[in-house]
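Encoded as structure tokens, the structure appears first; notes follow it.
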Amino acid sequence: MSQRLRKVVFPVAGLGTRFLPATKVVAKEMLPVLDRPLIQYAVDEAVDAGADTLVFVTNRYKHAIADYFDKAYELESKLAQSGKNDLLAIVQGTLPKHVRCVFVTQPEALGLGHAVLCARPVVGDEPFGVVLADDLIWNGKQPGALRQMTALLDGDVAGAVAVEEVPRDQTNKYGIVDTGGDASRAARMRHVVEKPKPEVAPSNLAIVGRYVLPGRIFELLEQTKPGAGGEIQLTDAIEALLGKNKVLAYRFEGTRFDCGNKLGLVKATLAMALEDPALAEATREFMASLR
Ligand code: G1P
């Protein structure tokens, strides 16, 4: 029986150094793809998967994300007074009414695993999602990647990670999965290793930023020692989980844009412009005019 995913964790404490100087003042999750910030795409995907509690693991410098999902009293009353109801709906539409946000601080940047562990008091002992907002996964009007993954959970399957194949020379940027050669859409993970060099990587199947995990992962994270890059890695806790639990590597339906780097953000912006009837033709013409 498939479950609903009530809680989703968004680790958003990173510094976003690839986008300096903009990220001196703008959180990287607030960078826009057209008119919506990356975090909005991530939150929409979580809500699509059934989430009603969004847990943002943040640092003390990042107020923008809380502000963005908060009520904007002054702006909303101005728009209401001037009868700009379409704009009012956009401003009020960042979060459905039944969804609440919880903010947890990560006091020190000790790694993704540590960031997820900071969410433990809010998540407790139930299955939950993790979404890395700089991996934008777009599946149009079809179910988002996280909803697809949630549907895989049952008494037998304890968790799932989203994967896609990457060029061999890039395995050192990702968690890399070993499925024992099983190439099916949802393959049982045998092992996973964080950022292996190409020559020792078990495959070129990389984790992209979506996870569905059981509450038990927190106990394992507590015991996880610093790994790749001296950081407490979520990947290492998942490897420990595989000893007793069935976790699937899932080749999601949709397109992933790595918006943690400039080219990915450009590609996402162009792809979204081509999906927007008001922009598609002019964007196509502009692209054709480039050499
Ligand atoms: C993190 C994870 C890595 C995963 C990647 C996906 O790495 O540690 O396993 O493949 O996200 O984007 P980071 O990009 O934070 O270095």
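Structure values in brief
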{"read-out": "Where a residue in region 254-272 is without any contact (Cβ under 8 Å) to a residue 60 or more places away in the chain and of a type in the set (Lys, Arg) and its partner, wherever it lies, is within 15 Å of the ligand (Cβ to nearest atom) and not in a helix (DSSP H, G or I), with Cβ under 6 Å and at least six apart", "value": "Lys267/Phe257"}
{"read-out": "Region 180-195, residues that are within 15 Å of the ligand (Cβ to nearest atom) and either open to solvent by 10 Å² or more (accessible area, probe 1.4 Å) or within 19 Å of the chain's Cα centre (by Cα) (or both)", "value": "His191, Val192, Val193, Glu194, Lys195"}
{"read-out": "Considering residues of region 132-172 that are part of a helix (DSSP H, G or I) and open to solvent by less than 20 Å² (accessible area, probe 1.4 Å) only, the residue farthest from the ligand (Cβ to nearest atom)", "value": "Thr150"}
{"read-out": "When residues of region 100-126 are limited to those that are touching a strand residue (DSSP E or B) at 6+ places or on another chain (Cβ under 6 Å) and part of a loop (DSSP other than H, G, I, E, B), the one nearest to the ligand (Cβ to nearest atom)", "value": "Gln106"}
{"read-out": "Unique match (being of a type in the set (Val, Ile, Thr) and either open to solvent by 30 Å² or more (accessible area, probe 1.4 Å) or at positive phi (or both)) among Val247, Val266", "value": "Val266"}
{"read-out": "Residues located in region 29-85, provided they are without any contact (Cβ under 8 Å) to a residue 40 or more places away in the chain, of a type in the set (A, V, I, L, M, F, W, C) and surrounded by fewer than 20 Cβ atoms within 10 Å (Cβ to Cβ)", "value": "Ala64, Ala66, Phe69, Ala72, Leu75, Leu79, Ala80"}
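The values are calculated or read from the model by the stated rules, or taken from the named source; none is laboratory data. Everything numeric in this text was worked out from a predicted model, so none of it was measured. With ideal geometry, Cβ positions are generated from the backbone for all residues, glycine too; neighbour counts draw on all protein chains shown. All accessible areas refer to the heavy atoms of the entire protein, side chains included, with ligands and DNA or RNA removed. Shrake-Rupley method; radii C 1.70, N 1.55, O 1.52, S 1.80 Å.
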